[in-house]
């Protein structure tokens, strides 16, 4: 009972610190709004995102089309709303996949050390020698297009940072007294890692994941911009930018509107991640 109360009090302290940070609260509010838009995209879209009105090509913002139409007469607002779902789904699940793969590798490397650690870390050294975007492009070309394939490509290409972070966290706590006590009572390695090590090493991972979603959404947009992301006609913000760049001079809103959406989303996750990092910092005092 005392342990549960202690956990609740720690969670309350973290939430208190988080809500004291105004920029983090703003970021969290924007994220909640984006999640609601993604969940209820079909209900919020005024038109089908693939509907083409050939009598309203390059319709400027206003009138029947609040944010205007593109070169095929498709409603930009509807495509922006559905693109929010695509970007968030890929961003969230690719980060989760990266954290699971990288976290598992980091756990094994940090806990066992020695030759196992050397092999895993040398593999990651080679892996990280390739720029992240180039690696994501290569993975996309291997796995193909579409939402699941893009998630897989980004998840695998982004795992190395999480592996190193988890390894570093585990190496700082694996010699703690409670770990030695768990070993003394003949606890098996899997039980010790899952029950004692990961819960005490997960905080930096959570912070990195919250900020990593913004980076993943930016990477999705970059893949979409070069035509290696989600295939048409499914709307995605990076692909919308690529489609509108040919008409920037006369219809600049085709680039400005999805660009603003990307900036706001990435900034919201970064602000929230910064606030969460400060809230989870044990050195801070109330």
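The values are calculated or read from the model by the stated rules, or taken from the named source; none is laboratory data. Just so it is clear, the structure is predicted and the values come from calculations on it, not from any experiment. Neighbour counts are summed over all protein chains in view; Cβ atoms, including those assigned to glycine, are modelled from backbone coordinates with ideal geometry.
Values computed for the structure shown
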| item | result |
| --- | --- |
| Some residue of segment 209-229 being within 29 Å of residue 177 (Cα to Cα) and in a helix (DSSP H, G or I) | yes |
| Unique residue being in a helix (DSSP H, G or I), under 17 Å from residue 218 (Cβ atoms) and over 16 Å from the mean Cα position of the chain (by Cα) when the list is 124, 137 | 137 |
| Which listed residue is without any contact (Cβ under 8 Å) to a residue 60 or more places away in the chain and either touching a strand residue (DSSP E or B) at 6+ places or on another chain (Cβ under 9 Å) or on the phi > 0 side of the Ramachandran plot (or both), from 114, 146 | 114 |
| Unique residue being touching a residue at least 60 places away in the same chain (Cβ under 8 Å), closer than 27 Å to residue 204 by Cβ and surrounded by fewer than 19 Cβ atoms within 10 Å (Cβ to Cβ) when the list is 30, 95 | 30 |
| Some residue of segment 203-223 being more than 22 Å from residue 132 (Cβ to Cβ), in contact (Cβ under 8 Å) with a residue 60 or more places away in the chain and surrounded by 21 or more Cβ atoms within 10 Å (Cβ to Cβ) | no |
| Criterion violated by residue 255 - all others in (1) without any contact (Cβ under 8 Å) to a residue 12 or more places away in the chain; (2) farther than 22 Å from residue 28 by Cα satisfied | (1) |
| Condition check for residue 152: closer than 30 Å to residue 50 by Cα, at pLDDT 85 or above, surrounded by fewer than 20 Cβ atoms within 10 Å (Cβ to Cβ) and within 16 Å of the chain's Cα centre (by Cα) | yes |
| Residue 77 being touching a strand residue (DSSP E or B) at 6+ places or on another chain (Cβ under 8 Å), in contact (Cβ under 8 Å) with a residue 24 or more places away in the chain and either buried (at least 21 other Cβ atoms within 10 Å of the Cβ) or in a helix (DSSP H, G or I) (or both) | yes |
